[in-house]
Every structure is written in structure tokens, then in C-alpha cells.
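Colleague: Got a structure for you, questions after.
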Amino acid sequence: MQAQGTVFKYGDNVDTDVIIPARYLNSSDPAELATHCMEDIDKEFVHKVKQGDIIVADKNFGCGSSREHAPIAIKASGVACVIAETFARIFYRNAINIGLPIIECPEAAKGIQAGDEVKVDFDSGVITNLTKGTSFQGQAFPPFMQKIIKAEGLVNYINQKETEK
């Protein structure tokens, strides 16, 4: 499994209220949430993001409330992967549960800039900055997490397992 796209770069402590502001939580429609993704930190994000793009951030990405709306908004906006130095634990779990690939890699978070073209190999954890010709070793996904992400989330994974019986 791989992803490749242009990077949107953010700093430390990007919280769930910035990823999807609370004023939009009256909707659970992924397409609607995507139209407001990151708007309080980056007004141009929703106008510039393309299918397959990648978010790179520093420490504690996804801190704040435990709402699933945040990773849903990111995924629905077309983002293929989030790379960060560290993630808030509840965001990490919510992202995997909805099928949004995320990778912790401090070196990549420091060595990748906005606008860089980046390729991620989830099987090996290798993150390649195609713009600068550098590579970083992130945490590879264990096989069970890859299955959840390939199924587009935990609920779909469980439903697939049930139909296989």
C-alpha cells in the first residue's frame, strides 16, 4: 500500500477544533465536513487540496476532543496520509478506525516542507521526499492495521470478516 502527493505542512498541537471547527459538528456527512477541513488554520486548504495529498505536522497532531469528525474530514478532503512527529492517542486510534493512514516519524516531520512531493510506503514505513531526494524510516503498519485501512475502516473490516464466515 502506498500514497503519493503534495504536502500541506503544519506545526505543533494542531487540535481537532482546528481540523474541523465545532460549529460544523451538526453534520456527520463526510463530504460536508471536508468543505470546512482545516479552515481555521489554513483558509486555502479546501481550495488547494487534491486527492492523494499529504498532511505533515509536528508534535501532538489531533489533540483536543475525541471526535471522529476530525479524521473523517481529513480523509474526505482527499488526504491520503498524515505524517507527524507525534499524534494524540485518541486521534491516532480514530484515524485507523475510519481508515485514514497515519505515520509517526519525527525526522520526516522536520525534513519535509509545504509543497514537497512525498511518497509513503505503508508496508515498509519508508517516507520519500521526492522533491529533495531524501528518505525517512517511519513506523510500518502491522498487517492487521493495513487490513483495517484497506477495508476503509474498522466497521467495514469487521463486516467483511463476518461475510467471510
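Colleague: Do any helices (runs of 4 or more DSSP H) entirely within region 1-49 hold 3 or more residues that are touching a residue at least 24 places away in the same chain (Cβ under 8 Å), aliphatic (A, V, I, L, M) and touching a helix residue (DSSP H, G or I) at 6+ places or on another chain (Cβ under 7 Å), and if so, which?
Modeller: On the way: elements: 16-19, 30-34, 45-48.
Those helices (runs of 4 or more DSSP H) span 30-34.
Colleague: Working only within region 1-45, note down all residues that are aromatic (Phe, Trp, Tyr) and closer than 18 Å to Ser66 by Cβ.
Modeller: Tyr24 - this is the single residue of region 1-45 that is aromatic (Phe, Trp, Tyr) and closer than 18 Å to Ser66 by Cβ.
Here, each number is a calculation from the coordinates, and none is a lab measurement. Bear in mind that the values here come from a model prediction, so they are computed numbers and not experimental data. Note that each Cβ is placed from the backbone with ideal geometry, even for glycine, and that neighbours are counted across all protein chains shown.
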